[in-house]
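Student: Below you'll find the structure I mean.
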Amino acid sequence: MGLIMTQKIYSTPADDGDVRADCLPLGNCDLFGDIATTGANTIRVGDFSTAVSKLRLRGFWVFDISGLAGPVSSAVLWLYYDNSWGPGGANTAPDSTKVGHVIVDHLEDYTPFDKTDYEAVAKNANIGTIIGDDVAPAGWYTMDVTTYVNADIVEADTPDNSCFRLRQSVAGVVTQRNEWRIRSGEAPGGDFTTSAHLLIEGGQIMMMRIT
């Protein structure tokens with residue numbers, strides 16, 4: 001056990017993913033998730049709409065903090081906004097009048113990941129906005145989550161994870177396709193350049209699992 005300065009904890013790909021809720025026939029889908037998808041490079045948040053399909057998607061990221069022996073001085077969530085779909089088509093900004101912006105919930109340890117995480121009661125709901133209104137894909141977005149990571153460390157659940165859910169701030173009737181696509185903890189070909197991670201400063205480390 002020793003002091004640490006700065007390190008990255010990458011999210012766990014097997015437990016990262018999105019859950020979609022089927023909104024038909026009424027177009028309102030805020031209550032229950034229907035299908036969970038994990039293991040993808042990109043996680044979807046927002047609305048998907050075609051003539052025959054109306055879906056709402058929420059995204060999930062989990063970070064293994066079992067290597068941290070005590071509270072840290074800083075923990076920042078880093079997520080890479082990779083691509084999108086808005087009224088203008090691929091890689092245009094989602095329409096904020098329909099879906100708002102992307103907010104973050106701090107969750108209890110949800111592992112193993114399944115569709116019920118869609119409607120799970122948050123440990124701390126809407127802890128902030130990570131992607132604002134009418135923003136097209138633009139790389140990295142960050143949020144300070146020190147308070148929530150330290151709370152998870154103190155609670156010492158087994159396994160020790162910090163978990164976050166991303167969802168849209170406006171959740172009305174699904175009428176058009178408005179999606180944000182954000183990178184998971186996957187590292188295709190071993191390249192972690194755009195992989196989701198927590199940037200940790202200060203504190204103590206118990207083992208060298210993280211880089």
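Each reported figure results from applying straightforward, stated rules to the coordinates on display, with no laboratory input. Remember, it's a predicted structure, so these values are computed and weren't measured experimentally. Heads up, the Cβs are rebuilt from the backbone with ideal geometry, glycines too, and the neighbour counts pull from every protein chain shown.
Student: Considering only the range 99-211, give the strands (runs of 3 or more DSSP E) lying wholly within it that have at least 3 residues that are closer than 16 Å to Tyr10 by Cα and touching an Asp or Glu at 6+ places or on another chain (Cβ under 8 Å).
Tutor: Working: elements: 102-107, 124-131, 139-144, 161-168, 178-183, 197-201.
Here the list reads 161-168.
Student: Of everything in the range 73-101 that's among the hydrophobic types (A, V, I, L, M, F, W, C) and crowded, with 21+ Cβ neighbours inside 10 Å, which residue is nearest to Thr147 (Cα to Cα)? If you could, list the steps in order and put the result at the bottom.
Tutor: In the first step, residues of the range 73-101 are kept if they are among the hydrophobic types (A, V, I, L, M, F, W, C); the result is 75-79, 85, 90, 93, 99.
Next, only the ones that are crowded, with 21+ Cβ neighbours inside 10 Å stay: 75, 77, 79, 85, 99.
Details: Ala75: 8, Leu77: 12, Leu79: 18, Trp85: 33, Val99: 27 Å.
If we take residues in the range 73-101 being among the hydrophobic types (A, V, I, L, M, F, W, C) and crowded, with 21+ Cβ neighbours inside 10 Å, then Ala75 is nearest to Thr147 (Cα to Cα).
Student: Another question, then. Considering the range 127-136 alone, what residues qualify as being surrounded by fewer than 17 Cβ atoms within 10 Å (Cβ to Cβ) and either among the charged types (D, E, K, R) or in contact with a strand residue (DSSP E or B) (Cβ under 7 Å, 6 or more places away or on another chain) (or both)? Walk me through how you get there before you give the answer.
Tutor: Filtering the range 127-136 down to residues surrounded by fewer than 17 Cβ atoms within 10 Å (Cβ to Cβ) leaves 128-129, 132-134, 136.
Gly128, Thr129, Asp133, Asp134, Ala136, listed by residue number.
Student: Residues to consider are Gly139, Gly190; find the one that is free of Cβ contacts under 8 Å to residues at least 24 places away in the same chain, over 11 Å from the mean Cα position of the chain (by Cα) and surrounded by fewer than 14 Cβ atoms within 10 Å (Cβ to Cβ).
Tutor: On the way: Gly139 fails: free of Cβ contacts under 8 Å to residues at least 24 places away in the same chain.
Exactly one of Gly139, Gly190 is free of Cβ contacts under 8 Å to residues at least 24 places away in the same chain, over 11 Å from the mean Cα position of the chain (by Cα) and surrounded by fewer than 14 Cβ atoms within 10 Å (Cβ to Cβ), namely Gly190.
Student: Ok, one more. If I ask for residues that are in contact with a Leu (Cβ under 6 Å, 6 or more places away or on another chain) and under 23 Å from Tyr110 (Cα atoms), which ones from the range 47-76 would you list? If you could, list the steps in order and put the result at the bottom.
Tutor: Step one: filter the range 47-76 for residues in contact with a Leu (Cβ under 6 Å, 6 or more places away or on another chain), giving 48, 54, 59, 63, 75-76.
Passing the criteria: Gly59, Phe63, Ala75, Val76.
Student: Looking only at residues in the range 107-126 that are in contact (Cβ under 8 Å) with a residue 24 or more places away in the chain and small (Gly, Ala, Ser), which one is surrounded by the fewest Cβ atoms within 10 Å (Cβ to Cβ)?
Tutor: Residue satisfying both the conditions and the ranking: Ala122.
Student: Just to be sure before I move on: is Ser66 of a type in the set (S, T, N, Q) and not in a strand (DSSP E or B) in the structure I sent?
Tutor: Working: of a type in the set (S, T, N, Q): yes; not in a strand (DSSP E or B): yes.
For Ser66, the condition - of a type in the set (S, T, N, Q) and not in a strand (DSSP E or B) - is met.
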